[in-house]
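Q: Structure in C-alpha cells, see below.
The values are calculated or read from the model by the stated rules, or taken from the named source; none is laboratory data. As the structure is a prediction and not an experimental result, all values here were calculated from the model. A quick note on method: Cβ atoms are made from the backbone with ideal geometry, for glycine too, and the neighbour counts reach across all protein chains shown.
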Amino acid sequence: MRKLHGSGVMGLILGSLLLPFPFSVTAAGSKPVVEPIFTRYARIYQAPTLDFRTEFFREKPMEEMTDFDGYALSLDFTWPINDRSQLEFLLPVYINGDGNYDKPGTPFDGVHADVEGFGGVRDFPSIIYERRFSWLEEKTGTHVAWLAGFGRRFDTLKVKYEGDEIDRFNHTGYSYRFGLKMDDDIRDGSMTLLGNLIYVGFLDSDDINVSGDDTAFGILYTSGALMFNSYGRFTPVLEAILEADFKDFTAFSLAPEVIYTLNDNFDIKLGVPFRLTSDGQKVAADLELTYRF
C-alpha cells in the first residue's frame, strides 16, 4: 500500500501543475478529442498532447521474474506536424516492484527480490511517426493511419535481495514497431469505435522475453475500444486487448474505463484491465492524466 500511495500522490501533483496552463486547444464550439488509455486514434491530434500514466500491476510477465507486482510511471508526448502526420515520443520513467527471482543455476534462484529502475520492462524510450491515409478516409469515411517507430533501452533495472544487488535486467536492447490504426464516430457521434494493430520487435534484448530466453522476439499488440460519448463530462469506455508472440504467449484482457473531462485541455482517466487467459498480467489499475496544450 505504501508504494501505491506514493505514486498516486505523484500523479495528483502532476495534475495540479498542469491545470494552471491557459486554454489554447480547441476552436470555439468544438468538443475536445477524448482518447482511451490503450487504443489510440488514427486521426491527427488538434494540439500537442502530454499523457502521464501510473500503472499498478499484478503478475506482469517477465523472463527472469515470476509473480512480479508493482507500479510503473510513463510519459507520452504527441506533436502534430500538420493535418496529416504527427510524432509520438514514449518515455518509460520508472518502475518498482517485487517478485520471485527465476534464474535456475544461480545462488539466488527462487528468492523474493525487488526490482526498480528508470525505464520499463518491454517499454523502451521510442519515437514514432504516424501518417493518415487521407485518400482512404475520403473513400470510406473512416480515419485510417499507419505508424513506424524505433526505440532503445533507457537504463538497467536493478534486482535486489535484502538490500544487495544480485542482478540487472535490460542490459541492452532495441525495439522497432509498425502498425495500423483506425477510428470512426458511429450512431451520429454518440459512440466512437477505435482499433489498433501494432507489431513490436525486440532486438539484442535480455531478461524481458514473455516466453523463452531468445534475445530477439516480437509481440503483436491488437486492441479495440468502444467509447460512449453521450454522458457529458464522463466518457465510459470498454477496451479489449490481445497480445501474442506467435509462440507460447497469448494474452487477452478486457479493460473497463471511465474518462472525466475537466475542461477542454485536461482529462482524468481510470482503467482496470484484467486478463481472461492464463497468460499476461493478472490485473492492473491505470491512472492517466492527459493535457492538451
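Q: For segment 48-66: of the residues being farther than 19 Å from Tyr94 by Cα and modelled with pLDDT of 95 or more, which is surrounded by the most Cβ atoms within 10 Å (Cβ to Cβ)?
A: Thr49
Q: Any idea which residue in segment 266-283 is farthest from the chain's Cα centre (by Cα), counting only those that are surrounded by 21 or more Cβ atoms within 10 Å (Cβ to Cβ) and modelled with pLDDT of 95 or more?
A: Ranking the qualifying residues of segment 266-283, first place goes to Asp267.
Q: Is segment 140-158 home to any residue that is under 18 Å from Glu64 (Cα atoms), in a strand (DSSP E or B) and in contact (Cβ under 8 Å) with a residue 40 or more places away in the chain? Walk me through how you get there before you give the answer.
A: At the first step, the residues of segment 140-158 found to be under 18 Å from Glu64 (Cα atoms) are 153, 155-158.
Now narrow it down to the ones that are in a strand (DSSP E or B): 157-158.
From what's left, in contact (Cβ under 8 Å) with a residue 40 or more places away in the chain: 157-158.
Within segment 140-158 (the criterion being under 18 Å from Glu64 (Cα atoms), in a strand (DSSP E or B) and in contact (Cβ under 8 Å) with a residue 40 or more places away in the chain), the answer is yes, since at least one residue qualifies.
Q: Continuing with this model, one more query. Only strands (runs of 3 or more DSSP E) wholly contained in segment 184-293 count here; list those with 1 or more residues that are at negative phi, without any contact (Cβ under 8 Å) to a residue 24 or more places away in the chain and in contact with a strand residue (DSSP E or B) (Cβ under 9 Å, 6 or more places away or on another chain). Steps first, please.
A: On the way: elements: 191-203, 217-228, 234-244, 250-261, 266-271, 283-292.
Per the criteria, 191-203, 234-244, 250-261, 266-271.
Q: Now, a different point. Of the numbered conditions (1) out of contact with any Ser or Thr (no Cβ under 9 Å at 6 or more places or on another chain); (2) surrounded by 15 or more Cβ atoms within 10 Å (Cβ to Cβ), Leu197 satisfies every one except a single condition; which is it?
A: Condition (1) is where Leu197 drops out.
Q: Considering each of Ser190, Ser230, Ser223 in turn, give the residue that is surrounded by 14 or more Cβ atoms within 10 Å (Cβ to Cβ) and over 28 Å from Thr156 (Cβ atoms). Talk me through it step by step, then tell me what you get.
A: Values: Ser190 fails: surrounded by 14 or more Cβ atoms within 10 Å (Cβ to Cβ); Ser230 fails: surrounded by 14 or more Cβ atoms within 10 Å (Cβ to Cβ).
Step by step, each of Ser190, Ser230, Ser223 is checked, and only Ser223 is surrounded by 14 or more Cβ atoms within 10 Å (Cβ to Cβ) and over 28 Å from Thr156 (Cβ atoms).
Q: If you scan segment 153-198, which residues turn out to be hydrophobic (A, V, I, L, M, F, W, C) and more than 18 Å from Asn100 (Cβ to Cβ)? Show your work before the answer.
A: Step one: filter segment 153-198 for residues hydrophobic (A, V, I, L, M, F, W, C), giving 154, 157, 159, 166, 169, 178, 180, 182, 186, 191, 193-194, 197-198.
Phe154, Phe178, Leu180, Met182, Ile186, Met191, Leu193, Leu194, Leu197, Ile198 - these are the residues of segment 153-198 that are hydrophobic (A, V, I, L, M, F, W, C) and more than 18 Å from Asn100 (Cβ to Cβ).
Q: State the number of residues belonging to segment 239-257 that are surrounded by fewer than 15 Cβ atoms within 10 Å (Cβ to Cβ) and more than 11 Å from Asp279 (Cα to Cα). Full working, then the answer.
A: Step one: filter segment 239-257 for residues surrounded by fewer than 15 Cβ atoms within 10 Å (Cβ to Cβ), giving 246-248, 254, 256.
Next, from what is left, pick out any that are more than 11 Å from Asp279 (Cα to Cα): 246-247, 254, 256.
Selection size over segment 239-257: 4.
Q: A further question follows. Hey, can you tell me all the residues within segment 126-155 that are at pLDDT below 90 and basic (Lys, Arg)?
A: From segment 126-155, those at pLDDT below 90 are 134-141, 153-155; that's our starting set.
Matches in segment 126-155: Lys139, Arg153.
Q: Same structure, new question: Name every residue in segment 168-178 that is at negative phi and either buried (at least 20 other Cβ atoms within 10 Å of the Cβ) or assigned to a strand (DSSP E or B) (or both), in order of residue number. Working first, answer last.
A: Our first condition is that a residue be at negative phi; within segment 168-178, this holds for 168-169, 171-172, 174-178.
Of everything in segment 168-178, those that are at negative phi and either buried (at least 20 other Cβ atoms within 10 Å of the Cβ) or assigned to a strand (DSSP E or B) (or both) turn out to be Arg168, Phe169, Tyr174, Ser175, Tyr176, Arg177, Phe178.
Q: Among (1) more than 28 Å from Thr192 (Cβ to Cβ); (2) of a type in the set (Val, Ile, Thr); (3) without any contact (Cβ under 8 Å) to a residue 60 or more places away in the chain, which single condition is Val121 missing?
A: It fails just one condition, (3).
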